[in-house]
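The values are calculated or read from the model by the stated rules, or taken from the named source; none is laboratory data. Here the structure is a predicted model, which is why all the values come from computation and not from measurement. Neighbour counts run over all protein chains shown; Cβ positions are idealised from the backbone, glycine included.
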2 protein chains.
Amino acid sequence: MSFANPIVQAGLSGLASLYSDRAVTPVEACEAYLSRIERLDATLGAFLAVDRDRARASAHDSAERWRRGAPLSPVDGAPVAVKANIAVEGLPWHAGIGAYRDRVADEDAACVARLREAGAVILGTLNMSEGAFGGSMANPWFAKTHNPWVRDHIPGSSSGGSAAAVAAGLCAGALGTDTLGSVRIPSSLCGVFGHKPTSGLTPMEGVVPLSWTLDTVGVHARSAGDCASLLGAASGAAAELVQEIVDPANLQALRETPVAALEWSGVEVEPEVRAAFDATVAATRAAGIPVEPLRLEGFDFSDRSDLFLLCAAEGTVVHAEALEKNPEGFSPSLRARLDIATTRSAADLARAYRVLADAAEAARLQLAPYSALLTPATPRATVSYAIDYPVMTSFTALANVLGLPATAFPIGLDAQGRPQAVQALAWEDDVSLGLAALLGHDLGAPPAFQG
Amino acid sequence: MSFANPIVQAGLSGLASLYSDRAVTPVEACEAYLSRIERLDATLGAFLAVDRDRARASAHDSAERWRRGAPLSPVDGAPVAVKANIAVEGLPWHAGIGAYRDRVADEDAACVARLREAGAVILGTLNMSEGAFGGSMANPWFAKTHNPWVRDHIPGSSSGGSAAAVAAGLCAGALGTDTLGSVRIPSSLCGVFGHKPTSGLTPMEGVVPLSWTLDTVGVHARSAGDCASLLGAASGAAAELVQEIVDPANLQALRETPVAALEWSGVEVEPEVRAAFDATVAATRAAGIPVEPLRLEGFDFSDRSDLFLLCAAEGTVVHAEALEKNPEGFSPSLRARLDIATTRSAADLARAYRVLADAAEAARLQLAPYSALLTPATPRATVSYAIDYPVMTSFTALANVLGLPATAFPIGLDAQGRPQAVQALAWEDDVSLGLAALLGHDLGAPPAFQG
């Protein structure tokens with residue numbers, strides 16, 4: 001189903017066409033989104049802070065540029081929002097952790113600054129799981145975000161606010177962060193496109209780290225092209241990214257090299273998820289792209305203990321001062337997750353780094369003959385709040401370990417009305433986004449958010 | 001003083017000229033070195049295994065090539081030796097650790113294979129401190145290596161056998177490994193040139209690691225040019241390296257960018273070492289190269305605890321199986337050094353990595369305006385066996401943390417007859433080697449090894 005409001009239905013790139021055609025102004029679009037946030041977010045729980053005045057001022061400036069026919073970029077005037085661990089000048093910047101609840105960002109994170117330089121309208125900040133370290137989107141300090149498609153199911157973490165807000169049409173795109181899958185998991189569960197870029201592509205200044213080894217800033221939107229536009233602006237990467245993913249030559253190139261389809265073991269995957277994966281593999285072949293099964297030896301999809309030790313150790317260093325001064329500002333469950341780093345030894349951590357480096361090297365060699373790897377995005381589709389977070393990272397963490405780009409994309413709804421998603425991991429951002437553009441579908445408006 | 005034998009006095013590159021002029025054959029050179037090892041190593045304690053038959057066969061093949069006027073490289077026929085943690089096919093490969101004493105390498109390390117492909121004659125393997133983790137050159141399992149210049153003083157560790165053998169003229173060049181200074185420290189104390197290359201330049205396959213983060217294979221020789229020849233062959237790097245460091249254009253380029261001279265604090269430096277450093281700074285200026293003092297903020301030259309924790313943790317992973325099965329195969333002092341990794345926490349190690357990464361970033365920014373950094377090589381000159389190893393790494397570890405090349409080079413002997421050395425750290429191998437070529441001097445033969 002579509003969003004009733006054509007401004008919202010247009011998505012991020014669609015808005016640029018509407019602006020260019022003078023069918024809509026950035027001020028109207030900004031007001032449309034602010035009004036939806038006002039009206040609908042109480043039932044969604046995605047926004048933590050709305051920056052109305054500054055958004056309106058930005059929209060006004062953007063409108064002037066479009067009026068003069070001189071937009072700054074494809075995202076000029078695009079209403080977007082930002083995960084609460086990414087600094088937005090003047091707004092609380094706490095990464096979902098109680099200990100930082102009174103901290104206000106005194107400048108924009110580098111990726112937000114780049115978005116503003118590209119003309120984007122920053123609507124506000126979005127709920128996340130505490131410290132971006134797995135955990136529930138019922139954040140113990142701030143808000144409980146719901147899945148816009150299936151009430152009382154989780155939106156996925158840790159960028160659950162970002163994915164839910166995009167899915168519900170409360171912003172045209174959003175920034176999230178992805179350490180083990182934190183952009184792709186909620187994107188999958190909320191039925192939007194989520195892209196974790198090549199590590200290092202998006203700048204990390206002004207982002208509260210969880211793991212400096214694995215963190216990346218990623219994007220959520222309702223199409224692969226919108227993700228590319230947002231990524232291009234946030235990273236300062238070549239604007240050609242958008243062009244590349246929709247370029248027919250790109251698709252032709254994809255037909256010349258096989259794509260691998262993961263054959264996994266040790267991970268329990270819901271039948272609906274497997275069906276979605278199989279259907280996508282078939283669709284890939286139908287598009288003329290050769291697909292070969294690949295059992296990735298040396299990478300254990302069922303064991304995430306090394307990754308969680310790494311995050312616990314680096315996260316403990318990141319938050320050392322606050323953990324010392326204000327331990328009560330961390331929930332017992334987050335403290336327990338971080339505490340692994342103090343009960344396990346330095347040798348254990350060195351071993352974890354070694355195991356992951358060896359697994360990455362083995363995976364790179366096996367992936368070398370392929371342009372991309374298709375996997376399920378998450379082992380389970382939308383689920384209740386009781387889900388064990390680590391299990392949800394089974395298929396996403398590989399891209400963080402490799403430092404490679406990966407896109408989770410929606411392909412439809414299952415019989416229970418839950419979004420179905422698949423992941424494409426590739427050597428280049430335009431390839432995973434290109435596959436997502438080819439194989440994914442905009443699911444449109446969740447029933448409760450159409451009007 | 002010179003070595004009485006012109007073959008030995010010639011050094012590594014000098015031999016190539018003698019071969020080319022047909023004044024000497026590789027077979028004669030090989031026999032000269034084998035005979036010196038036979039005659040003199042009993043008092044030096046550098047060699048652990050001598051590969052006479054294979055060396056003679058290699059020398060014979062090399063002689064054939066030189067006779068035909070078709071040498072494989074500038075090191076064709078060069079008699080060189082290899083630290084005992086680097087695999088030489090058919091020789092014991094134990095890294096100075098008792099637990100591995102019966103292990104024989106079934107193939108050459110990649111760097112040794114490259115040397116052979118370049119025609120080098122591998123004489124044998126050299127003593128080292130146990131596990132390359134600091135410690136004494138009185139290796140508890142194998143041999144005690146002496147300083148060839150000052151009897152009963154240490155040759156420096158951990159590549160002490162390599163540096164001592166080169167200094168005493170028992171080989172024309174040697175391979176060592178350098179994790180915190182293990183090539184440069186013994187080179188300094190033994191009065192030879194020691195070069196730690198850019199990290200990654202020399203291949204690590206077939207080398208027993210201590211720290212995969214910090215390890216590099218480096219070279220020891222009696223001139224910077226000889227180091228460059230050996231490095232070129234061992235790394236497969238461009239043969240132009242040698243040409244570049246002696247090219248007058250390189251010196252002219254050095255005159256256009258200032259060199260930094262370290263101003264340190266917190267490290268107690270012997271007056272003779274300081275005098276050598278000051279003299280070298282003056283010589284640099286006299287050569288027309290601008291020198292500016294630099295106090296490197298953010299890098300603590302007096303605190304090596306993070307580095308030793310990192311080595312302990314990674315070393316514990318490297319040796320995990322042997323530590324489990326045969327703990328008595330490690331000396332109590334090496335076990336104590338490694339045990340830090342099990343008594344300290346994962347968070348401590350993550351903090352160490354973070355501190356070092358931050359220090360490296362700060363150092364890189366401050367070094368950016370300079371072509372190179374001059375520092376003392378070690379805080380103390382030749383010393384007795386009681387020296388605390390960590391202190392000796394004060395000035396060398398920076399290059400490992402940065403992954404940058406650094407060359408220790410001899411400039412003379414002090415009033416006590418001890419070699420004096422200085423270190424040049426640079427952005428490129430040819431620059432640190434070029435400074436060493438300009439400012440360093442071949443000290444010739446130690447009194448006990450002239451004949």
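Could you look through region B:364-373, keep only residues that are assigned to a helix (DSSP H, G or I) and touching a strand residue (DSSP E or B) at 6+ places or on another chain (Cβ under 9 Å), and pick out the one that is farthest from the other protein chains (Cβ to nearest Cβ)? Looking at the filtered set, the residue picked out is B:Leu367. For region B:15-30, filtering for residues that are under 15 Å from B:Pro79 (Cα atoms), in contact (Cβ under 8 Å) with a residue 12 or more places away in the chain, not aromatic (Phe, Trp, Tyr) and not in a loop (DSSP other than H, G, I, E, B) leaves 8.
For region A:320-341, taking the residues that are at the interface with chain B (Cβ under 8 Å from one of its Cβ atoms) and small (Gly, Ala, Ser), the one that is nearest to B:Arg344 (Cα to Cα) is identified as A:Ala341.
Residues checked against (1) small (Gly, Ala, Ser); (2) under 23 Å from the mean Cα position of the chain (by Cα); (3) closer than 30 Å to B:Arg335 by Cα:
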| site | (1), (2), (3) |
| --- | --- |
| B:Ala4 | yes, no, no |
| B:Tyr19 | no, no, no |
| B:Glu28 | no, no, no |
| B:Trp66 | no, no, no |
| B:Asn85 | no, yes, yes |
| B:Ile97 | no, yes, yes |
| B:Ala109 | yes, yes, yes |
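Annotation: of all residues in region B:396-427 being in contact with a strand residue (DSSP E or B) (Cβ under 9 Å, 6 or more places away or on another chain) and assigned to a loop (DSSP other than H, G, I, E, B), the one that is farthest from B:Thr280 (Cα to Cα) is B:Gly403. Of the residues A:Asp306, A:Asp278, the single one that is under 26 Å from the mean Cα position of the chain (by Cα), away from chain B (no Cβ under 14 Å) and among the acidic types (Asp, Glu) is A:Asp278.
Residues are listed down the side, and each one gets a yes or a no for (1) within 17 Å of the chain's Cα centre (by Cα); (2) at pLDDT 95 or above; (3) crowded, with 22+ Cβ neighbours inside 10 Å; (4) of a type in the set (S, T, N, Q):
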site: B:Ala368; (1), (2), (3), (4): no, yes, no, no
site: B:Ser384; (1), (2), (3), (4): no, no, no, yes
site: B:Ile387; (1), (2), (3), (4): no, no, no, no
site: B:Leu425; (1), (2), (3), (4): yes, yes, yes, no
site: B:Gly434; (1), (2), (3), (4): yes, no, yes, no
site: B:Gln450; (1), (2), (3), (4): no, yes, no, yes
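Taking the listed residues A:Ala381, A:Ala399, the one that is within 20 Å of A:Glu297 (Cβ to Cβ) and among the aliphatic types (A, V, I, L, M) is A:Ala399, with no other qualifying. Any residue that is away from chain A (no Cβ under 14 Å) and aromatic (Phe, Trp, Tyr) - is there at least one of those in region B:342-361? No, region B:342-361 has no match at all. For region B:62-90, a residue qualifies if it is farther than 12 Å from B:Leu15 by Cβ and hydroxyl-bearing (Ser, Thr, Tyr), and exactly one does: B:Ser73.
Among the residues of region B:105-114, the ones that are surrounded by fewer than 22 Cβ atoms within 10 Å (Cβ to Cβ) and out of contact with any Leu (no Cβ under 7 Å at 6 or more places or on another chain) come to 5 in all.
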